[in-house]
Structures are given as structure tokens and as C-alpha cells.
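Structure first, then comments.
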Amino acid sequence: MSFSDTKQFSGKQVSQWQMGKPLADPSLAIKLAIDPYNDDPAFPDYFAEFIKQPGLDKIDTLIIGSWGEAYEEDSSVAVNLLVQNNGLFPNLTSLFIGDLAMEEAEVSWIQQSDVSPIYAAFPKLETLQLRGGEGLSLGNLSHDRLQSLIIESGGLGKDVLEQSRLAQLPELTHLELWLGDENYGCDIGQDDLRAFFSHLSDQFPKLHYLGLRNYYLSDDLAAVIASVGAPKNIDTLDLSLGNLSDKGAEALLTSDKLSHLRILDLHHHYLSNDMMAKVTASDLAANINLADQEEGDEYDGEIERYIFVAE
């Protein structure tokens, strides 16, 4: 699976600005992107024309798509331009960096960068979404108003997981991390996951949605969660898009630390019919999503189970 163009972001329709044309309704989600296979214009030149448009102060939702050949040039070109011109966007509350479709770059090819200059530059930011884990750094993540952090990746490094764990985000309600596959950069193991959960409720007291999605070791993740439990303030636990098998589901069923959940999302899984019946009949959560039952592929006598998106 690969990503396609985003049609809606933060509840708004997306409108891509075209060079040489006036800015559309600034109340929409404004997307900035160039043709990655056309050198004219380069992203800095495109951006320079964009910031001449009237109405920038009314933009609260901004999307950064292709800034060039994103598998070679990292997102710092876009991050730096945004930060240098932050005064033109005083009301920015939602920002998405890396909205690239498959034709522009597979998710594992997207070269991200250190996005930490964003935090101080946009003090009203409430939603930050990033696509791509290669080269990504959150730095010292501290923000007084950020409510939603989403990182979509085919492979996330343990350093980014640790940076998110240590983040100072008192208003955070939604944390969604696509952990991915070892072949595309994920080096997160059980010890890293245990550390992540160690002070989760203290670190993010308002967190109610936790997504650890698209993980190639979903059974290990389930075992950790069964052992440490989900913090009581979390009512939605999203473990979807991974390769969860009966082994992982059995671990969840043995736990007595998850029954407070309102939603447990396991869709895109590899559970047997019998295990699905057991999970459905359990009191793991008030609502359990078991959609998208997958079947593994046999290869050299082993069953291969694939996550939703890796490359």
C-alpha cells in the first residue's frame, strides 16, 4: 500500500496553490507543492511567490507536499522557509509536512529533517502531522498548545520514539506513531516500548488516543501492552495496520489492564476465525475493531505476515 494525495486535513478540504494564480479561500487547508520532476520552479522560488499573496494571515491549516525530489532532498528546505517567514502565518494551528503520493515518493523514501524549529515559530500550533521517518528528528519537543502529533512512516527509529516519550506537551490528546518495518528503518524493540510506556500517563495527562500502528512486531507490542497496561486516561488504543497474530491476541486476552478501554482498534490483522471469536466475546474493550482479516503468504515453509505500508 502507498499513500495518495490527502483530500482533507484537520476537517478541511485541501486546496493546492498554483503559481501564478491567486490564493484560494484561505479558510481551506492550503497545500504547497511543486512538480518533483520539473526544476522550474524550485521550491524556494515557488514559496517566494506564495508569500506575496494577500490573506496569508487568515491561513490556519497548511500542508507541505513535494518540495523537490524528496528521496534526495530533505524537508529542511521547507521547514526553514516556514520558520523564516513565520510572522506571515500568525494563526497557523495545523501543519502537515510530507504529504507526498506514491508517484512522488514512497513513504520510506521521504527524507525528513529536524523539525524542532517549528515549535517556537508557531506557538498556536495544535496539530502536527509528518510523513516519512528517514532523517526525522523531533529534537526537544516542547509546546504549550499541541494537541495532536501524527507520524506516518514505513520505519521509525527508536530515537524518534524516545523523543516523543520525553516531549513536553501538556495539552496532547492524540499521539499516533506508525512504527513500520526493520527493512525500512524501524529498530524499535520491546525494551524501547516498555520505556515508552513507563511514564506515559504522567507525561501526557490529557492523552486519550494512543496509536502504535503499522508495526512489524505487533505480537511483541501486544505482549508489552498486556504486561504494562494502557494508562487509565487512554480510552482509545490503536494497534491497527500491523501483523498481529493469534499469539499477540492471546497475550492481550490474558491482560487485566485493558478493560477500561472504550475502543481497541486491531484492524488489518492475521487472527484466525477462532481467535476473532474469542476476542469479540472478551471484555478487552467496549468496542473492538477486527476488520480487514489478512492471510499470510507461505515462503520457504514460513508464513510471512505483512504490515499495511513499509516501502
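Observations
- Solvent exposure of region 216-311 as accessible area per residue, Å², 1.4 Å probe: 49
- For the chain, built as a Gaussian network whose Cα springs stay under 10 Å, the top-fluctuating residue of GLU298, GLU104, GLU152: GLU298
- Spin-label model, SER198/ASN273: points 7 Å from Cα along the beta carbon direction are separated by 4.5 nm.
- Cα-based convex hull, the chain, per residue volume (Å³, whole number): 124
- The chain - mean residue ellipticity at 222 nm from DSSP helices (-39,500 (n - 2.57) per run, n ≥ 4, rounded to 500): -6000 deg cm²/dmol
- Accessible-area order (highest first, 1.4 angstrom probe) of the listed residues LYS206, LYS232: LYS232, LYS206
- Kirkwood-type hydrodynamic radius, region 67-210: 15.5 Å, calculated from all non-identical alpha-carbon pairs.
- Packing around the peptides 75-83, 275-283, 259-267, taken as the average count of other Cβ atoms within 10 Å per residue, puts them in this order, highest first: 75-83, 259-267, 275-283.
- What a 1.4 Å probe finds exposed on the chain is 45% carbon and sulfur by accessible area, rounded to a whole percent.
- Taking 0.36 nm per residue of separation and subtracting the current Cα-Cα distance, fully stretching the chain between THR173 and THR280 would add 35.8 nm.
- The fraction of all Cα pairs in region 183-298 landing in successive 10 Å bins from 0 to the largest distance is 14, 50, 30, 6, 0, given as whole percents.
- Of all DSSP bridge pairs formed entirely within the chain, close to 10 percent run antiparallel.
- Within-15-Å neighbourhood charge of ASP99 [Cβ basis; K, R +1; D, E -1]: -2
- Springs join every pair of Cα atoms under 10 Å in this Gaussian network model of the chain, and among ILE30, ILE51, ILE225 the largest mean-square fluctuation is at ILE51.
- Based on protein heavy atoms only, region 58-187 ends up with 34 Å² per residue of surface accessible to a 1.4 Å probe.
- Gaussian network model of the chain, springs between alpha carbon atoms under 10 Å - residue of SER66, SER272, SER142 with greatest fluctuation: SER272
- Count Lys and Arg as plus one, Asp and Glu as minus one, and take only other residues whose Cβ is under 11 Å from that of GLY65; the net charge is then -2.
- Region 3-54 - percent relative contact order, Cα under 8 Å, separation 6 or more: 31
The values are calculated or read from the model by the stated rules, or taken from the named source; none is laboratory data. Predicted model, so just to flag it, every value in this text is computed and none were measured. Here Cβ is always computed from backbone atoms with ideal geometry, including for glycine, and neighbour counts include all displayed protein chains. Surface areas here come from the heavy atoms of the whole protein model, side chains and all, with no ligands, DNA or RNA. Shrake-Rupley method; radii C 1.70, N 1.55, O 1.52, S 1.80 Å.
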